[in-house]
Amino acid sequence: MRVVIADDSMLFREGLAGLLEARGLTVVAQVGDADQLIQAVGTLRPDLVLVDIRMPPTHTNEGLIAAAQLRSRHPYAGVIVLSHHVETAHAAQLLADPPRGVGYLLKDRVTDLDEFVDAIRRVGAGGSVIDPDIVARLLNRMRADDPLAALTPRERQVLGLMAEGRSNRAIGGLLFLTAKTVETHVARIFTKLGLPPAPSDHRRVLAVITYLRTRDGSTAQ
Amino acid sequence: MGRAEPEVAVPVASRPAAIDHRPGRARGALVVWLGSLLAAVLLATVALRALTWPVGPLLFDTQVEEATSPIAFLAWSAVGLVVFVFSRRPGNRIGLILLIAGLAGQVWVLTAYYAALGLVAGRTWLPGTGQAAWAYTWLPTVSFGLAFTFLFLLFPDGRLPSPRWRPFAWFAGAAVTFLLLTWATAPGPLSGDFDMVDNPAGVEIVGRLDSGAGWVLLLLAILGSVGAPFVRLRRSSGVPRQQLKWFTYAGVVVAVTWVAVTAGSAAGPPFTTIATLTYPIAVCAVPLAVSVAIFKHSLYDIDMVISRTIVVGALAVLVTGGYVAVVAVVGTAIGRAGETGLGLSVLATALVAVAFQPVRTRVQRLANRLVYGERATPYEVLTVLARRMGDAYAAEDLLPHLATTLAEGTGAARVEVWLVADRQLHRATCWPPDPERLAAPLGDGGMPAVPGASEVAAVRHQGALVGALAVTLLPGQALRRVERRLLDDLAAQVGVALDNLRLIEELKASRLRIVAAQDEERRRIERDIHDGVQQRLVSLSLALRMAAAGQGSTPETAVLDAAAAEARAALVELRRLAHGIHPAIVSEGGLVAALESLAERSPVPAEVMGVPLERLPASVEVSIYYLVAEALANAAKHAQATAVAIKVERSDGRVRVAVADDGIGGAAPGGGSGLTGLADRVAALDGVFEVDSPPGRGTRLTAEIPCALS
């Protein structure tokens, strides 16, 4: 898999590139800002882009804007946005684009290499990956008359993993359940929450995240 | 006039009547057609008059009047046509009235000559002379009926002065219609010059109605209508007032001329000719004034015209009277006025000339007072200001008071108060009010250079320049000595007050700068942590993982993994710290995302409602964020609340935040809590902060902060 890394810290880029190469991925370019990134993706056509949310010149959300541009111009390339702090609004913004090959992770996730490389492969294959911190925040958000109260602890677990972008098979693997049992849980969760069944994994992420953000009539978009 | 135009409700006050420059072929064609019609009527009139010349004066007592009247009528209809077609909506009705009144007058003259040609000059074969004679009897009613009622009622905006005038307008319309009907349908011989013809439209029943009653009704309608412009004059200001002055001026000119003509006609032949010549010309003044009022009111200063007219008129009367008096008195004394005529005339002229200059000055002052209004004496002005300074010392109130006072005292067209700040002059207030912010450089030698001002007085406090009072006068006016002294006295009095205002403004500005600097500092620290320590810790963890990955499972690997986990824990802690210092989400995602993010982390269920989607100034956004964060923390820590509602709305350049919980209440802004800091922060942004926390009934924090869109 061919990867481009965009981050304004050379130290971080070099370190990450070394680790990814060691895991059998090919880092075809390392760039320091959004303009260089878009140029590199245009010429090198990578399978995946890793981009820091804060880059020059304003160090605010350049990475997020670049991600949106890349996903409309080069939809074949998956994009993972890295940030030192994750915000649900950003996740929703990324998922709102055609939900294909997108990830949003805390920057420290790169140190958990197995998980991180797995996320890269999933996004490269067109899946969606959402940081567990965000999912936890959404699940734990206190609501008056919360419909989530109707879920069993196991169903809550399954819902959280779905929101992170895991497939049924992966959920089964993590929770030591058979694929069939997971399917039953998923169907029951969708019924309890009144969600229509989602046809594919990444649509399911969008549906679940949107649901978690807006449940019980809050005005969040 | 079958001219279809979409009826659009336009607030008249906000749209002064002016020339409509929209191109339109229909408009052009209308002008050509109607213009040709007016010209044709005039040509036909001239031709008919030539044919009826042997008959002698027909319509008026003299040939001169007969020659000038059609021109006066043409002036009405032509101006009416132009106003009707070219002015924007409000002028249309005025144009229509002028056009109909003028055209009716023109046709009236035409019918008179045509009827005379057939009935008096013996061209009996002409068709329709009876009808022409009939039209001749009632057409003037249309003309002056409209001119003396609805023109007065509707000028300048085509609407009544107020809805209360509506019944009167109906009455005026009914009076004109009634008179018109009784005239047009009176049976038997036509009244006036053509009594050889019976009324072709005579109706017996209507004829029995007394046409004297019609005159009385019309007279009442006219008296009431003439009041309308004066009522408007008292209420109006700005452009409509100038327009009304033009119109009223013309009306007064016509009235005065009419009186002069009536009086002059009795005086004998030379006066009669002058009088009869003057009157139709004076009548032209009305359409001329209307067109100036509608199209060019900003070009000429009517106040000056009126003032000069009064001066010239009064002087003419005085000079003539003085001359006659001198000649009469001295002539009688000498007893032989006839023989010493030349010397006497020279003497009289010299006396009048000597008296002329002081009289002119007096009259001019009187005229100015009539036109520009009464002025307060300087002593009154100072007393009033002193009282106002005692009453209202708020910065917002004092300066407008000062400007108004100065305007009353000097009769200036414009008064400005300027304050010194940042080594520049800033306009703090203006009379009449003008919200535009102006700045001007400080002049050389300590005298402030205020652009456009006629007179400037520097305001000093303890020797230092703190501001300036600037007065702009009407063209042709100058400050009298006493008025200039008033300006200087005021400038000397308000030194302390202006210096205080300047200090308050500086204090406000510096407080705002401190808040902005604090925000900036926090942002910088957060970024330093982000770009420095956080980034380095991630790289450190990466390096530790790499080192560990190279080995198998050895004791060294375990140490490396533990070190990596420690670095990771440090990152999590650092993240929390950085987020507390400055919420990056505010500048990255805006207030919506930031408040949602706060609500997500809140241990007490919280809902965000109605957040404005447009970006606000950074300091306002950050302050709202801190306020909501503090309120949520209080709700969780002290209030034992079970729900919090966060509401943000933006209107009229202000943003309003309210955070309400259902907890135990009793929160006090004083007790060293974060609330005090919030109150200071909001106050620095010129906002209002309130804590409403009655025991047992929840806590409600509200803030209202002025903000322009960023």
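Bear in mind that the values in this text are calculations on the coordinates, not laboratory data. All values derive from a computational prediction rather than experimental measurement. Ideal geometry is used to build each Cβ from the backbone, glycine not excepted, and the neighbour counts take in all protein chains shown.
Each peptide among B:683-691, B:420-428 gets the average number of other Cβ atoms lying within 10 Å of its residues, and from highest to lowest they stand as B:683-691, B:420-428. Cα centroids of segment B:37-56 and segment A:100-145: 98 Å apart. Structural descriptor for segment B:517-579: relative contact order 40 percent, calculated from alpha carbon pairs under 8 angstrom and at least 6 residues apart. Mean partner shielding of peptide A:108-114, defined as the number of other chain Cβ atoms within 10 Å of each residue Cβ, is 6. Assuming charge only on the beta carbon of Lys and Arg (+1) and of Asp and Glu (-1), the dipole of segment B:517-579 about its Cα centre is about 120 debye to the nearest 20.
The Kirkwood radius of chain A, taken over pairs of alpha-carbon atoms, gives through the Stokes-Einstein law at 37 °C and 0.692 mPa s a diffusion coefficient of 184 µm² s⁻¹. With a 10 Å cut-off around each Cβ of B:594-601, the average count of Cβ atoms from other chains is 5. If you average the alpha carbon positions of segment B:677-703 and of segment B:165-233, how far apart do those two centres end up, in angstrom? Segment B:677-703 and segment B:165-233 have Cα centres spaced 71 Å from each other.
Taken residue by residue and averaged, Cβ atoms of other chains lying within 10 Å of the Cβ of B:528-535 number 3. Here the contact order of segment A:1-116, divided by its residue count and restricted to Cα pairs under 8 Å and six or more residues apart, works out to 22 percent.
With only Cα atoms counted, segment A:2-130 has Rg and Dmax values of 12.8, 34 Å.
Segment B:511-574 and segment A:14-88 have Cα centres lying 21 Å from one another.
Convex hull volume of the Cα atoms of segment B:517-579, normalised per residue: 52 Å³. Around the amide H of B:Gly467, modelled in the peptide plane, lie the amide H atoms of B:Val420, B:Val459, all under 5 Å away and 5 or more residues distant in sequence or on another chain. Dividing the Cα radius of gyration by the Kirkwood radius, what Rg/Rh value follows for segment B:456-595? Rounded to two decimals, Rg/Rh equals 1.50. In this structure the amide hydrogen of A:Gly78, modeled in the peptide plane, comes within under 5 Å of the amide hydrogens of A:Leu48, A:Val49, none closer than 5 places in sequence on its chain. Summing Lys, Arg as +1 and Asp, Glu as -1, what charge do residues with Cβ under 10 Å from the Cβ of A:Val31 carry, A:Val31 excluded? Neighbourhood net charge equals -3. The helix-only estimate of mean residue ellipticity at 222 nm for chain A, built from DSSP H runs of length n ≥ 4 each weighted as -39500 (n - 2.57), is -16000 deg cm²/dmol after division by the residue total. The trypsin sites (Lys or Arg not before Pro) of segment A:1-41 that meet both conditions, a loop assignment by DSSP and at most 15 other Cβ atoms within 10 Å of the site Cβ, are A:Arg23. Please say if segment B:590-706 is rounded, prolate or oblate, where rounded means a/c under 1.5 for a ≥ b ≥ c the square roots of the C-alpha gyration tensor eigenvalues, and otherwise the choice is prolate for a/b larger than b/c and oblate otherwise? It is oblate, given that a/c is not under 1.5 and a/b is not larger than b/c.
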